1. Which pairs turn up if I take residues in the range 132-152 that are farther than 17 Å from T14 by Cα and aromatic (F, W, Y) and look for partners that are at pLDDT 95 or above and crowded, with 17+ Cβ neighbours inside 10 Å with beta carbon separation below 6 Å, at least 6 apart in sequence or on another chain?
2. Looking at I164 and the list (1) crowded, with 16+ Cβ neighbours inside 10 Å; (2) touching a Lys or Arg at 6+ places or on another chain (Cβ under 8 Å); (3) not basic (K, R), which single condition is not satisfied?
3. Quick one: in the range 23-63, which of the residues that are among the polar types (S, T, N, Q) and under 30 Å from Q189 (Cβ atoms) is modelled with the lowest pLDDT?
4. Within the range 171-192, how many residues turn out to be surrounded by 15 or more Cβ atoms within 10 Å (Cβ to Cβ) and in contact with an Asp or Glu (Cβ under 7 Å, 6 or more places away or on another chain)?
5. Across the range 1-39, what is the number of residues that are of a type in the set (A, V, I, L, M, F, W, C), touching a Lys or Arg at 6+ places or on another chain (Cβ under 7 Å) and over 17 Å from I118 (Cβ atoms)?
6. Are any of the residues in the range 117-131 without any contact (Cβ under 8 Å) to a residue 40 or more places away in the chain and surrounded by 16 or more Cβ atoms within 10 Å (Cβ to Cβ)?
7. Please enumerate the residues belonging to the range 138-179 that are in a helix (DSSP H, G or I), acidic (D, E) and either in contact with a Ser or Thr (Cβ under 7 Å, 6 or more places away or on another chain) or at pLDDT 95 or above (or both).
8. Could you check, for the range 161-176, whether at least one of its residues is closer than 21 Å to I20 by Cα and of a type in the set (D, E)?
Amino acid sequence: MNIIISGLTCSGKTTLSNEIYNQNNNTCILREDDYMKDKTFIPHKGKFYLMDLPRAYNIEEYLNDIDRLLREGLCYYPLYDFNINKRINKNELKERKEINIFEGLHTIELLKDLRDSIKVFMDTDIDTCLERRIIRDTNVYKAQERQVREYFNEVILPIYKTHIECQRDLSDVVIRKEDDKKCFLKKLQTYY
């Protein structure tokens with residue numbers, strides 16, 4: 001079974017992926033974030049890097065690795081260091097499992113034609129995503145809250161409106177709140 005998870009930044013994509021893995025550790029997760037380009041190749045506008053745009057990622061490589069994983073049963077996976085915005089290596093082996101999760105901002109659009117898959121859109125409200133982003137960026141990256149709010153409002157939200165939100169219409173499951181997630185996880189257990 002293949003599960004494709006998309007949604008706004010800090011909407012709970014990684015959390016859901018990890019919860020599925022914890023229910024059934026016969027799970028492989030490939031995250032779009034690990035295919036991000038090195039910072040020098042990420043498009044920018046003024047002082048802002050446009051990290052949520054599809055062209056900020058090595059999309060073709062991500063799709064090739066997914067194809068290789070599903071066809072051949074394994075692929076090598078890159079490790080990306082967000083502290084320095086640079087790929088470290090690509091030597092971690094991933095094997096196809098009973099459940100394969102493909103997670104990231106654009107994965108539903110990228111994999112909309114993948115058969116035998118469940119497409120999940122995390123439709124977490126924008127204020128919650130912003131608050132989560134503030135917590136993450138101030139704690140992990142030592143950013144100022146003002147900077148996080150400015151970046152979220154001037155860069156992330158416009159990209160969400162043009163490139164990410166439209167995936168909701170392509171999804172099989174829309175998760176808006178914790179109860180939706182619990183129902184989805186419970187229903188998912190019937191598949192394995």
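The values are calculated or read from the model by the stated rules, or taken from the named source; none is laboratory data. Because the structure is a prediction, the values reported are computed rather than measured. Ideal geometry is used to build each Cβ from the backbone, glycine not excepted, and the neighbour counts take in all protein chains shown.
1. F152/L130; F152/R133
2. (2)
3. If we filter the range 23-63 for residues that are among the polar types (S, T, N, Q), which is where we start, we get 23-27, 40, 58.
With the extra rule that they be under 30 Å from Q189 (Cβ atoms), the set shrinks to 23-27.
Details: Q23: 93, N24: 92, N25: 88, N26: 95, T27: 97.
The extreme case among them is N25.
4. As a first pass, look at the range 171-192 and keep what is surrounded by 15 or more Cβ atoms within 10 Å (Cβ to Cβ): 171, 173-175, 180-181, 184-185, 188.
Narrowing the set further to residues that are in contact with an Asp or Glu (Cβ under 7 Å, 6 or more places away or on another chain) leaves 174-175, 185.
Total meeting the criteria: 3.
5. So the count comes out to 1.
6. Looking through the range 117-131, none of the residues is without any contact (Cβ under 8 Å) to a residue 40 or more places away in the chain and surrounded by 16 or more Cβ atoms within 10 Å (Cβ to Cβ).
7. First, pick out the residues of the range 138-179 that are in a helix (DSSP H, G or I): 138-140, 145-170, 178-179.
Of the ones still in play, those that are also acidic (D, E) are 145, 150, 154, 165, 169, 178-179.
Across the range 138-179, the qualifying residues are E145, E150, E154, E165, D169.
8. yes
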